[in-house]
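Beneath this line is the structure, given in structure tokens, with notes to follow.
The values are calculated or read from the model by the stated rules, or taken from the named source; none is laboratory data. The structure displayed is predicted, hence computed values, not measured ones. With ideal geometry, Cβ positions are generated from the backbone for all residues, glycine too; neighbour counts draw on all protein chains shown. Accessible surface areas use protein heavy atoms only, side chains included; no ligands, DNA or RNA. Shrake-Rupley method; radii C 1.70, N 1.55, O 1.52, S 1.80 Å.
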Amino acid sequence: MSIIATSVIVLGAVGIISATVLYVVSKKFHVEEDPRIAEVEALLPGANCGACGRKGCHDFAAACCTAASLDGLNCPGAGAEAMKQIARIVGLDAADAEPMIAVLKCGGTCDLRPRRAQYQGAPTCAAAALLGAGETGCPDGCLGLGDCVKVCRFGALSINPTTGLPVIDEALCTGCGVCAKACPRMVLELRPTGKRGLRVWVACNNHEKGAVAMRECKAACIACSKCVKACNFEAVTVERNLSYIDPHKCRLCRKCVEACPTKAIHTANFPIPKTNQEA
Amino acid sequence: MKTFSRGGIHPKENKLTASQRVQPLDLPTSVVLLPSQHIGAPAKSVVAKGEHVSRGQKVAEAGGFVSADVHTPISGTVTKIDTVKNPQGITVNAVYITADEADREADLKALEEEADATPRNTADLTPDQIIAAIGSAGIVGLGGATFPTRVKLSPPSGMKPDIVIINGVECEPYLTSDHALMLEHPREIVEGTELLMRAVGVGRGVIAIEANKPDAIKAISKALDGVAGIEVMPLKVKYPQGGEKQLIEAVTGREVPSGALPVAAGAVVQNVATAYAAYRAVVLGLPLTERIVTVTGPQVEHPGNFLVSLGTPLTDVVKAAGGIPNDTGKIVLGGPMMGRAAVNLDTPMTKGISGILLLPGDRAGRGETEPCIRCASCVSICPMGLEPYLIATLSSLQRWEDAENEKIMNCIECGSCSWICPSWRPLLDNIRVGKGRVGAMIRERNNNK
């Protein structure tokens, strides 16, 4: 018999036996899974980002189907619309979760924050952060090596080569918060997306005293408290030499933005005033 | 001649300041003292602004079990309790003290008195009294790790060491501060060793010195004349022999079990400078307020070993050696293998700074990182028997559990792997990140138990 015929017969026999065993086992040990789990999972992004606090998207879907209420179960990646559909599938009321987005608490661009040293180690922020203040002298600012970019499952982050800072693509950011957890300097903050996407925040993370902060970065918050005085709604507080705007108290009047001498308070999505356009 | 068995490398020694005498720097007129200049909890400041302090007075008190007191090297007035940037550019708490004319005179007189002080009779001190004297002098491991000596001399119950090893290895290239100390004060080091042996209750002491310091071996041997129970042991030159685990193995042949304290192998290891500080503390009653620093580098005008008071600005220390050379590309505190690069010299001297190395620009940089060629050099030289290429990769892939299984926590961060890698891979950088994460993971797991 030719070697080809032998091979065909032997492999064919092995195949048939294996198929039979697999068929029997799959019937005998069949696990009945709630069919809704697959339906829910189909609505999830499948990024397994962990923002929901579960082990992955499947685990989250299973949790939705067995939960008595959807309180505390929210997938920021899927969004509010998908969560409503999930609620319909499992027959529960959708929990109200505020849509969030990542914002960068650092305005230290290359021209405003001079480099004083050169870092040649492993190109990750985690390794650079272990060495101290880093290249620029600001011990709290963005290191610019892009650990946040690497962990983002939605492709929402990229490093701008001119500024050396990450840029957040609002259309893609789901507010899952994985970048905020990956940043060793805690420069990324999750904030409510805000009404019509309008947001005001302090783009600085430097806790040094004003004079020191000023030396390290021209865009640093110097804790002068002018923003606190400018705010009529008690939304702004200064703690440990750093100003913070409470997003739930902020009425988006932007008086603090005008008051800030170092332009450390940033805004998003406000129409550009006419005077600025002309200039 | 003995050495440790596994791995090890032979970097160029570059001991430019070998056998140079110790040059004492003038007492500074103002100092900045950091309450946190040791491993463990920061000390708590015990002086107030405006208070007058005198030389040797405690200004900060140990803030926990693993912590150490801090004393002032000068008399003066506390001008402020504020912050200062450390060499890495991080803001830390600091006590500022400034001396006036009268303070200065008093200090210079005190210095003279210290030089002719009559040694105290220590024969009837109990081990606890010795440890207490070492603790209240604020002594920490002066090899660079700055672990509080008092804690190391009080092993957990059930562990009984049988040997005290005094580490005079100084395997880091460039550094010669321990070498200089051994030439200058061999008698005091031997007495300090005896005190440390009594403190932990052991009858055998070994002063281990690498064979590249024959004059130090001779000096210590001479000082050991008529002393029972202590021997000097020359060791074959190999980096990182000064590592605690490597030294224990080289001297006793015993291995410290993975994850255990060195005392589990029956040995207590102390640096020669620590032994000398113990002598000063117990016999002369002087706290730790100064240490020897090697200021060196290929282009440094007057490299040397300087006796520096804690709190002296590092810029002044470098000035004593002729200042920063023009083409300096990197400043390292400690040796080139394990030292940390400094971005700020406008910062005070601390207990852990054994050397200031000023490297010229062309020697400061790393090469371009290239792919791993699987040469396994890092595996063959790792003194802990690890696979550096593997744990570094697992760490960069954030596979923390796998890194833990590959014993990432056993890494002593000696840097041999990064040194030998022909592809300039940042192995130790990644391993350090992994150690931090895996350590946090293990702590969390233990807390949840």
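For the range A:210-228, the criterion of being of a type in the set (A, V, I, L, M) and touching a Pro at 6+ places or on another chain (Cβ under 8 Å) is met by at least one residue. Residue under question is A:VAL31, and the condition is that it be part of a helix (DSSP H, G or I), surrounded by fewer than 16 Cβ atoms within 10 Å (Cβ to Cβ) and not small (Gly, Ala, Ser); does it hold? When the stated conditions are applied, A:VAL31 does not pass them. Looking across the range A:90-134 at every residue that is outside any loop (DSSP other than H, G, I, E, B) and within 14 Å of another protein chain (Cβ to nearest Cβ), the one that is surrounded by the most Cβ atoms within 10 Å (Cβ to Cβ) is identified as A:ALA127. Here the range B:419-442 is the region considered, the condition is being under 11 Å from A:ALA127 (Cα atoms) and in contact with a Gly (Cβ under 6 Å, 6 or more places away or on another chain), and the residue that is farthest from the other protein chains (Cβ to nearest Cβ) is B:LEU428. Is it the case that some residue within the range B:254-273 is closer than 16 Å to B:GLU172 by Cβ, of a type in the set (Asp, Glu) and either in contact with a helix residue (DSSP H, G or I) (Cβ under 8 Å, 6 or more places away or on another chain) or surrounded by 18 or more Cβ atoms within 10 Å (Cβ to Cβ) (or both)? No, the range B:254-273 contains no residue that is closer than 16 Å to B:GLU172 by Cβ, of a type in the set (Asp, Glu) and either in contact with a helix residue (DSSP H, G or I) (Cβ under 8 Å, 6 or more places away or on another chain) or surrounded by 18 or more Cβ atoms within 10 Å (Cβ to Cβ) (or both). For the range B:301-321, the criterion of being under 22 Å from the mean Cα position of the chain (by Cα) and more than 30 Å from B:ALA115 (Cβ to Cβ) is met by none of the residues. Residues in the range A:148-167 that are among the charged types (D, E, K, R) and more than 10 Å from every other protein chain (Cβ to nearest Cβ): A:ARG153 alone. If the condition is being open to solvent by less than 30 Å² (accessible area, probe 1.4 Å) and either free of Cβ contacts under 8 Å to residues at least 12 places away in the same chain or farther than 15 Å from A:LYS181 by Cα (or both), then the range A:142-155 contributes only A:GLY144. Taking the criterion of being within 15 Å of A:GLY121 (Cα to Cα) and within 27 Å of the chain's Cα centre (by Cα), the only residue of the range B:370-409 that qualifies is B:ALA392. Among the residues examined, B:THR328 qualifies as at pLDDT below 95, open to solvent by 20 Å² or more (accessible area, probe 1.4 Å) and β-branched (Val, Ile, Thr). Mind listing whichever residues of the range B:246-263 are within 27 Å of B:ALA137 (Cβ to Cβ) and part of a helix (DSSP H, G or I)? Once the filter is applied, which keeps residues that are within 27 Å of B:ALA137 (Cβ to Cβ) and part of a helix (DSSP H, G or I), the range B:246-263 yields B:LEU247, B:ILE248, B:VAL251, B:PRO262, B:VAL263. The number of residues in the range B:75-102 being surrounded by 22 or more Cβ atoms within 10 Å (Cβ to Cβ) and under 17 Å from B:VAL46 (Cβ atoms) comes to 5.
Residue-wise test of (1) touching an Asp or Glu at 6+ places or on another chain (Cβ under 7 Å); (2) of a type in the set (Ser, Thr, Tyr); (3) more than 12 Å from B:THR3 (Cα to Cα).
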{"position": "B:ALA216", "(1), (2), (3)": "no, no, yes"}
{"position": "B:ALA250", "(1), (2), (3)": "no, no, no"}
{"position": "B:VAL256", "(1), (2), (3)": "no, no, yes"}
{"position": "B:VAL269", "(1), (2), (3)": "yes, no, yes"}
{"position": "B:ALA278", "(1), (2), (3)": "no, no, yes"}
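May I ask you to verify whether B:ILE412 is under 20 Å from the mean Cα position of the chain (by Cα), of a type outside the set (Asp, Glu) and not in a loop (DSSP other than H, G, I, E, B)?
On the way: under 20 Å from the mean Cα position of the chain (by Cα): yes; of a type outside the set (Asp, Glu): yes; not in a loop (DSSP other than H, G, I, E, B): no.
Against the criterion (under 20 Å from the mean Cα position of the chain (by Cα), of a type outside the set (Asp, Glu) and not in a loop (DSSP other than H, G, I, E, B)), B:ILE412 does not qualify.
Checking B:ILE209, B:ILE230 one by one, the residue that is at pLDDT 95 or above and either in contact with a Pro (Cβ under 6 Å, 6 or more places away or on another chain) or open to solvent by less than 10 Å² (accessible area, probe 1.4 Å) (or both) is B:ILE209 and no other. A single entry from B:SER395, B:SER416 fulfils the requirement of being within 11 Å of chain A (Cβ to nearest Cβ), modelled with pLDDT of 95 or more, open to solvent by less than 30 Å² (accessible area, probe 1.4 Å) and within 27 Å of B:GLY40 (Cα to Cα): B:SER395. Among the residues of the range B:173-188, is any farther than 22 Å from B:MET349 by Cβ and open to solvent by 60 Å² or more (accessible area, probe 1.4 Å)? Yes, there is a match, as at least one residue in the range B:173-188 is farther than 22 Å from B:MET349 by Cβ and open to solvent by 60 Å² or more (accessible area, probe 1.4 Å).
Across the range A:34-70, which residue is least open to solvent (accessible area, probe 1.4 Å) among those that are over 27 Å from A:ALA180 (Cα atoms) and of a type in the set (Asp, Glu)? Walk me through how you get there before you give the answer.
At the first step, the residues of the range A:34-70 found to be over 27 Å from A:ALA180 (Cα atoms) are A:34-39, A:65-69.
Filter once more, keeping what is of a type in the set (Asp, Glu): A:34, A:39.
Values: A:ASP34: 51, A:GLU39: 99 Å².
That would be A:ASP34.
Of the residues making up the range A:186-205, one or more are at pLDDT 95 or above, under 28 Å from B:ASN430 (Cα atoms) and within 14 Å of chain B (Cβ to nearest Cβ).
For the range B:342-378, a residue qualifies if it is in contact (Cβ under 8 Å) with a residue 40 or more places away in the chain and among the aliphatic types (A, V, I, L, M), and the qualifying residues are B:ALA342, B:VAL343, B:LEU345, B:MET349, B:ILE353, B:ILE356, B:LEU357, B:LEU358, B:LEU359, B:ILE373.
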